[in-house]
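Note sheet for the following structure.
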Amino acid sequence: MKKIAPIAALALLAVSFTSCKKNYKCTCSVTVSGVTTSATTDLGKQKKKDAEAACSAKATSVAGVTYTCKLD
């Protein structure tokens, strides 16, 4: 039992330092003349902070048309 405790503590410590990466999707929508169109892009496996940055970078405004994006 004394040998198992340090090994278990080491394993728990290793797990706590691993980053949580998930598959994220970004949904962008645009409304033109009352018609809303949306498209979903797969952002792949990454940290939530990086996925939020990638999704918000897709939100743009071109010629008075605004694309709004949100992380799924």
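The values are calculated or read from the model by the stated rules, or taken from the named source; none is laboratory data. All values reported here derive from a predicted model rather than from experimental measurement. Cβ placement follows ideal geometry from the backbone for every residue including glycine, while neighbour counts extend to all protein chains displayed.
Has the stretch 46-69 got at least one residue that is in a strand (DSSP E or B), touching a Phe, Trp or Tyr at 6+ places or on another chain (Cβ under 7 Å) and surrounded by 13 or more Cβ atoms within 10 Å (Cβ to Cβ)?
yes
Based on what the data block shows, is Val62 of a type in the set (Val, Ile, Thr) and at pLDDT 85 or above? Quick ask: steps written out before the conclusion?
Values: of a type in the set (Val, Ile, Thr): yes; at pLDDT 85 or above: no.
So Val62 fails the test.
What number of residues within the stretch 21-45 are on the phi > 0 side of the Ramachandran plot and surrounded by 12 or more Cβ atoms within 10 Å (Cβ to Cβ)? Spell out the reasoning first.
First, the residues of the stretch 21-45 that are on the phi > 0 side of the Ramachandran plot: 33-34, 44.
Narrowing the set further to residues that are surrounded by 12 or more Cβ atoms within 10 Å (Cβ to Cβ) leaves 44.
The total comes to 1.
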